[in-house]
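Structure first, commentary second.
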Amino acid sequence: MQIERLVVMANQIADYFAAEPDRQEAIAGAAGHLRRFWDPRMRKQIVDHFHDSGEGLNEIAREAVARLAQSR
Amino acid sequence: MYSIDHHDRGTPASADSTLVTVEIDGRSLTVPAGTSIMRAASLVDQDVPKLCATDSLEHFGSCRLCLVEVEGRRGYPASCTTPVADGMKVRTQSDKLSRLRKHVLELYVSDHPLDCVSCPSNGHCELQDMAELHGVTGTRYGFDGANHQQAEIDASNPYFRFDPSLCIVCSRCVRACDEIQGTFALTIDGRGFASVVSASQHESFLASECVSCGQCVEACPTAALTEKSVVEVGAAEQAATTTCAYCGVGCSFKVETRGGQVVRMAPNRDGHANHGHACVKGRFAFGYATHPERVLKPMIRESIADPWREVGWEEAIAYAAARFRALQDRYGRDSIGGITSSRCTNEESFLVQKLVRAAFGTNNVDTCARVCHSPTGYGLKSTLGESAGTQAFDSVMKSDAIIVVGANPTEAHPVFASRMKQRLRQGARLIVIDPREIALVRSPHVEADVHLQLRPGTNVAIINALAHVVVTEGLTRDQYVHDRCEVDSYEKWKGFIADPKNSPEATEAVTGVPAELVRKAARIFAGVPNGAIYYGLGVTEHSQGSTMVMGIANLAMATGNLGREGVGVNPLRGQNNVQGACDMGSFPHEFSGYRHVSDPAVRGLFESTWGVRLQAEPGLRIPNMFDAALDGSFKGLYVQGEDIAQSDPNTAHVFAALSAMECVVVQDLFLNETAKFAHVFLPGASFLEKDGTFTNAERRISRVRKVMEPRAGMGDWEVTVALSNALGYPMHYDHPSEIMDEIARLTPTFTGVTFEKIDRLGSIQWPCNDRAPEGTPTMHVDTFVRGKGKFLLTEYLPTSERTSSRFPLILTTGRILSQYNVGAQTRRTANVAWSAEDLLEMHPADAEARGIASGDWVGVSSRAGSTLLRAEVTERVQPGIVYTTFHFPESGANVVTTENSDWATNCPEYKVTAVQAVRVTEPVSWRQHHQMLEHVHAAPNR
């Protein structure tokens, strides 16, 4: 899939959870959402992109994807 | 005329809890106070003669045929207008009464044709019945006097005609239009002998305000208002009860047939969702089932550049299975998937997702709810614990204030809209939140207290502002919240929502809605005992669709408006079985009953029942399937009853994705837009050709009953079974009821559901299980399904789809009454008399600036594409906003919509697209391209 599209989607998810005042909770929320709703190939691609450069990912999205990367 | 198998009791039932005992013709009975003598008599099988009375309408007392004698009272009161009283003794039959009635009938007959034998209502006419009952074969007044026999027939409506010569001026049609439909399109014009039924201001029915719901036809006691189909086919011989295949109201109908041919669809007065009402689609637009464009033979082709080749079922199924398996062998198990349909039954959707999970071995299954109400599932599950509306439709009759947000019920859910308008006419307050001035804002005898005419894309800012007023002005119901919700989440939410950034004054710049109107709306809603919220796709089809659903749930919880009648959060579902398709496990991450595929206990239950290992990871959603097709990892798709090429956004993107797939199997009634990219076409069956169930927007499971055999030889469920068998995963069912039995075994909210129970009760609202054996009309009564209700933070985030100097207007989309969804059904009916094309609504100021007048062709361009629509200049839309529908493929409304989507569910943001609109004289490329596709992909017999 186009990585640009996945980055936009991951950032949108992160933006929603960013309203949460507890930053760790926000990151956990975004990571959990990616885990529960994204097909494995999408998760793999965003994790690969994170390892590659992570370009375009906002802060919470980046940290959420990092958690996915750790749990692989 | 009401259904041939309905027993009309003359007046509606009384809801009074006080009981009174009366004696009628020597028989004693006890009935609620307020019951008419006429109804009470009918309950002891002593039907009183009548003409102007029918049990769907309030009593009127005009025909003077229902006179009775009451012991101790003088005269002969009309039994329809006289309520029973305790100890009352009534005689409905006597020589005197018979003479009086006969006299009245002779007056009617003196101005009525006596050609009953050739009349379309022969054998089903109340005047004929009354005349025969009283032995009236002629009249002492003769037939030479003034009469209406030469009055002109109005046949303008495509579905029914009005013959004034047969009219007895009983006003049943006028009252039905007023009391039930709420359009007030009809009146009795003139006085005395000159009295005549008139549509609007002496207009034809078609040109008038009439919305063709058919309620006047239903109410007419003679053949004055008659379906043309009855005239053409003849009187019905049989009736079967079924459920409408159009919108999410799920109306119950009696399908009346003659010699296997459908004569008409008569609304079922015992129907729990519609109580005998209907709309122009469900009542009349069933002709698509026998339309000549139905494809009745399976077809295959090697590539989409090849012509179709008709084959037998066996060859088509084997071909599809072989191609799917070849793709999996070459590209991997997860390279294919399937899409279930909201137009198919629960049983069919369940089977398709079972096919994908068990036979394909993947969770790549999704449903068309992806593009409409998927945010409802996510938002309500997260806050309340269940992915469904909370109420029965009847609940609205106990609402004191109603918010209608992002929904246009009079167009998209007309039967429910009529019910809501009944309550509004009784005095309930109304708050409309919509960028357009929808009909509910101001229509006969209905006017919104407040219309929050916001800019598209600012829903969350508005719901936050409403909640801000409720919280900061102390209008919350804290005891309710503390008893029933997570207090920590409530306190956190209160802190968030009380922030001045969420105040109406702060959000006014974003929403365009004056702060004082928002404050007024919040005070109305929070200030009444029962406040209810009804919403539609104007809530969900946004980049913050799920956030908005959560915001609605937050507001309902904070004001204590959940868990009883009259309140609630009520998604108005677009298609007839959106709720059901979602319930059946059509989403890639959930099994039936909304249980995540990663739950080992749930997965284990399905694995043991289905005898196969299932995947624990979520599959692809429809937009992800398209993206994956373009990157080469998704190659095959089985699409049942869904036209993704027309209904999904950014047509160019969808076309490219479908073109990239190597095996697309389409199962549908017609060679739809998606079929142009298909390699296998499997003929579908209409709702008239199948047994099963639909689940409507109020979680009501109703039966669909077969009235004719599948025209292509196989029912939809049988096709899925055959495909599964060909793939090497055998399925064994003899009847759809057995599929429901399996659903019940696997789904906690359906445990108590059987076809037998639905037949016995008429319908069942899930959850239906040991705790609620006959179903659950109102959810979350004592506790929320998730235990404690959870408040979630709903930060307003502007959509990334912005206007610019290049695209200065915002396009938003919606529906109209006479057409349905992508129009595959309604475009093939006489409903095109009301709407034969999609129009672009534009404010006069925008139109003037562009030199555009109503009827002009307008080129509409966005970042995704461009198309051509005719303009309708109207103040229904605000300056800067344009609006269209998507019912006609040649309009290409989705050529211009973008791939922006809801953050949580990928539901497309259909409601916000930045566009430019310019007057043009020549068709643009989209229409030329569409015409070319129509020619290339035609079926061989066309």
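The values are calculated or read from the model by the stated rules, or taken from the named source; none is laboratory data. On a predicted model such as this, the values are computed, not experimentally measured, just so you know. No Cβ is skipped: glycine too gets one built from the backbone with ideal geometry, and neighbour counts run over all protein chains shown.
The residues in segment B:833-868 that are crowded, with 18+ Cβ neighbours inside 10 Å and closer than 26 Å to B:LEU572 by Cβ can be counted, and the count is 5. Within segment B:649-656, can one find any residue that is closer than 30 Å to B:ALA289 by Cα, more than 12 Å from chain A (Cβ to nearest Cβ) and not hydrophobic (A, V, I, L, M, F, W, C)? Yes, the conditions are met somewhere in segment B:649-656.
B:ALA239 meets all of the listed conditions (1) crowded, with 16+ Cβ neighbours inside 10 Å; (2) assigned to a helix (DSSP H, G or I) but one, namely (2).
Candidates are the residues of segment B:894-912 that are in a loop (DSSP other than H, G, I, E, B) and closer than 18 Å to B:GLY859 by Cα; the one that is farthest from the other protein chains (Cβ to nearest Cβ) is B:THR897.
Only one of the listed residues (B:ALA224, B:ALA185, B:ALA219) is surrounded by fewer than 24 Cβ atoms within 10 Å (Cβ to Cβ), within 20 Å of B:ILE153 (Cβ to Cβ), outside the structural domain of B:SER56 (by TED's automatic domain parsing) and at pLDDT 95 or above. That residue is B:ALA185.
Condition test on A:ASP52, is it farther than 24 Å from B:PHE626 by Cα, more than 8 Å from chain B (Cβ to nearest Cβ), of a type in the set (Asp, Glu) and more than 10 Å from the chain's Cα centre (by Cα)? Don't jump to the end; show me each part of the working.
Working: farther than 24 Å from B:PHE626 by Cα: yes; more than 8 Å from chain B (Cβ to nearest Cβ): yes; of a type in the set (Asp, Glu): yes; more than 10 Å from the chain's Cα centre (by Cα): yes.
Against the criterion (farther than 24 Å from B:PHE626 by Cα, more than 8 Å from chain B (Cβ to nearest Cβ), of a type in the set (Asp, Glu) and more than 10 Å from the chain's Cα centre (by Cα)), A:ASP52 qualifies.
If you filter segment B:636-645 down to residues that are in a loop (DSSP other than H, G, I, E, B) and touching a helix residue (DSSP H, G or I) at 6+ places or on another chain (Cβ under 7 Å), you find that the one that is farthest from the other protein chains (Cβ to nearest Cβ) is B:ASP643.
Give the residues of segment B:493-504 that are more than 14 Å from chain A (Cβ to nearest Cβ) and under 20 Å from B:GLY457 (Cβ atoms), sorted by residue number. Correct list: B:SER503, B:PRO504. Given the structure, is B:ILE180 crowded, with 24+ Cβ neighbours inside 10 Å, of a type in the set (Val, Ile, Thr) and either under 21 Å from B:THR11 (Cα atoms) or not assigned by TED's automatic domain parsing to the domain that holds B:CYS251 (or both)? Against the criterion (crowded, with 24+ Cβ neighbours inside 10 Å, of a type in the set (Val, Ile, Thr) and either under 21 Å from B:THR11 (Cα atoms) or not assigned by TED's automatic domain parsing to the domain that holds B:CYS251 (or both)), B:ILE180 qualifies.
Kindly indicate which of A:ALA61, A:ALA66, A:ALA28 is within 14 Å of another protein chain (Cβ to nearest Cβ) and modelled with pLDDT of 95 or more. It is A:ALA61. Selection over segment A:4-25 of residues that are β-branched (Val, Ile, Thr) and facing chain B (nearest Cβ under 10 Å) gives a count of 2.
State yes or no: is B:PHE750 surrounded by 20 or more Cβ atoms within 10 Å (Cβ to Cβ) and over 28 Å from B:PHE591 (Cβ atoms)? Lay out the reasoning, then the answer.
Details: surrounded by 20 or more Cβ atoms within 10 Å (Cβ to Cβ): yes; over 28 Å from B:PHE591 (Cβ atoms): no.
Considered against the rule, which asks whether it is surrounded by 20 or more Cβ atoms within 10 Å (Cβ to Cβ) and over 28 Å from B:PHE591 (Cβ atoms), B:PHE750 comes out as no.
Of the residues in segment B:20-42, not one is over 37 Å from the mean Cα position of the chain (by Cα), of a type outside the set (S, T, N, Q) and modelled with pLDDT under 95.
Tell me, which helices (runs of 4 or more DSSP H) lie completely within segment B:487-606 with 1 or more residues that are surrounded by 24 or more Cβ atoms within 10 Å (Cβ to Cβ) and touching a Gly at 6+ places or on another chain (Cβ under 7 Å)?
Counting at least 1 such residues, we get B:515-526, B:537-540, B:545-558, B:578-583.
Every residue in segment B:648-663 that is buried (at least 24 other Cβ atoms within 10 Å of the Cβ) and farther than 19 Å from B:SER303 by Cα, please. Those that are buried (at least 24 other Cβ atoms within 10 Å of the Cβ) and farther than 19 Å from B:SER303 by Cα: B:ASP648, B:PRO649, B:ASN650, B:THR651.
With the requirement that a residue be among the hydroxyl-bearing types (Ser, Thr, Tyr), part of a loop (DSSP other than H, G, I, E, B) and within 41 Å of the chain's Cα centre (by Cα), what does segment B:105-162 give you?
Step one: list which residues in segment B:105-162 are among the hydroxyl-bearing types (Ser, Thr, Tyr), which gives B:108, B:110, B:118, B:121, B:137, B:139, B:141, B:156, B:159.
Within this subset, residues satisfying the condition of being part of a loop (DSSP other than H, G, I, E, B) are B:110, B:121, B:137, B:139, B:141, B:156, B:159.
B:SER121, B:SER156, B:TYR159, listed by residue number.
The condition of being modelled with pLDDT under 95, over 20 Å from A:PRO40 (Cβ atoms) and assigned to a helix (DSSP H, G or I) does not hold for B:ALA326. Going by the structure shown, is B:PHE784 more than 30 Å from B:CYS244 (Cβ to Cβ) and crowded, with 18+ Cβ neighbours inside 10 Å? Yes: the conditions hold for B:PHE784. Filter segment B:815-832 down to residues that are buried (at least 22 other Cβ atoms within 10 Å of the Cβ) and in contact with a Ser or Thr (Cβ under 6 Å, 6 or more places away or on another chain) and give me whichever is nearest to the other protein chains (Cβ to nearest Cβ). Selected residue: B:VAL822. Can you find a residue that is under 19 Å from B:THR609 (Cα atoms) and within 26 Å of the chain's Cα centre (by Cα) anywhere in segment B:769-778? Scanning segment B:769-778, I find no residue that is under 19 Å from B:THR609 (Cα atoms) and within 26 Å of the chain's Cα centre (by Cα), so the answer is no.
Could you run through segment B:299-357 and say how many residues are among the β-branched types (Val, Ile, Thr) and over 24 Å from B:MET584 (Cβ atoms)? Steps first, please.
First, the residues of segment B:299-357 that are among the β-branched types (Val, Ile, Thr): B:300, B:304, B:311, B:317, B:336, B:339-340, B:345, B:352, B:356.
Okay, now just the ones that are also over 24 Å from B:MET584 (Cβ atoms), so B:300, B:304, B:311.
So the answer is 3.
Scanning segment B:35-54 for residues that are surrounded by fewer than 22 Cβ atoms within 10 Å (Cβ to Cβ) and either out of contact with any helix residue (DSSP H, G or I) (no Cβ under 8 Å at 6 or more places or on another chain) or within 21 Å of B:ALA15 (Cβ to Cβ) (or both) gives B:LEU43, B:VAL44, B:ASP45, B:GLN46.
If I filter segment B:616-635 for residues that are touching a Phe, Trp or Tyr at 6+ places or on another chain (Cβ under 6 Å), within 19 Å of B:VAL666 (Cα to Cα), outside any helix (DSSP H, G or I) and not basic (Lys, Arg), do I get at least one hit? Within segment B:616-635, none of the residues are touching a Phe, Trp or Tyr at 6+ places or on another chain (Cβ under 6 Å), within 19 Å of B:VAL666 (Cα to Cα), outside any helix (DSSP H, G or I) and not basic (Lys, Arg).
In the list B:LEU51, B:LEU57, which residue meets the criterion of being assigned to a loop (DSSP other than H, G, I, E, B), touching a Pro at 6+ places or on another chain (Cβ under 7 Å) and not polar (S, T, N, Q)? It would help to see each step written out before you state the result.
On the way: B:LEU57 fails: touching a Pro at 6+ places or on another chain (Cβ under 7 Å).
Exactly one of B:LEU51, B:LEU57 is assigned to a loop (DSSP other than H, G, I, E, B), touching a Pro at 6+ places or on another chain (Cβ under 7 Å) and not polar (S, T, N, Q), namely B:LEU51.
Taking the criterion of being part of a strand (DSSP E or B) and surrounded by fewer than 22 Cβ atoms within 10 Å (Cβ to Cβ), the residues of segment B:248-299 that qualify are B:THR257, B:ARG258, B:GLN261, B:VAL262.
Filtered by the rule that a residue be in a loop (DSSP other than H, G, I, E, B), more than 19 Å from B:VAL549 (Cα to Cα) and out of contact with any Lys or Arg (no Cβ under 8 Å at 6 or more places or on another chain), segment B:439-475 gives B:PRO444, B:GLY474.
Let's see how each residue does on (1) away from chain A (no Cβ under 14 Å); (2) modelled with pLDDT under 95; (3) assigned to a helix (DSSP H, G or I); (4) under 24 Å from B:HIS732 (Cβ atoms):
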| site | (1), (2), (3), (4) |
| --- | --- |
| B:PHE350 | yes, no, yes, yes |
| B:ALA358 | yes, no, yes, yes |
| B:PRO375 | no, no, yes, no |
| B:SER382 | no, no, yes, no |
| B:ILE403 | yes, no, no, no |
| B:VAL432 | yes, no, no, no |
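Residues that are within 14 Å of another protein chain (Cβ to nearest Cβ), out of contact with any strand residue (DSSP E or B) (no Cβ under 9 Å at 6 or more places or on another chain) and in contact (Cβ under 8 Å) with a residue 24 or more places away in the chain within segment B:573-610 comprise B:PHE591, B:TYR594, listed in sequence order.
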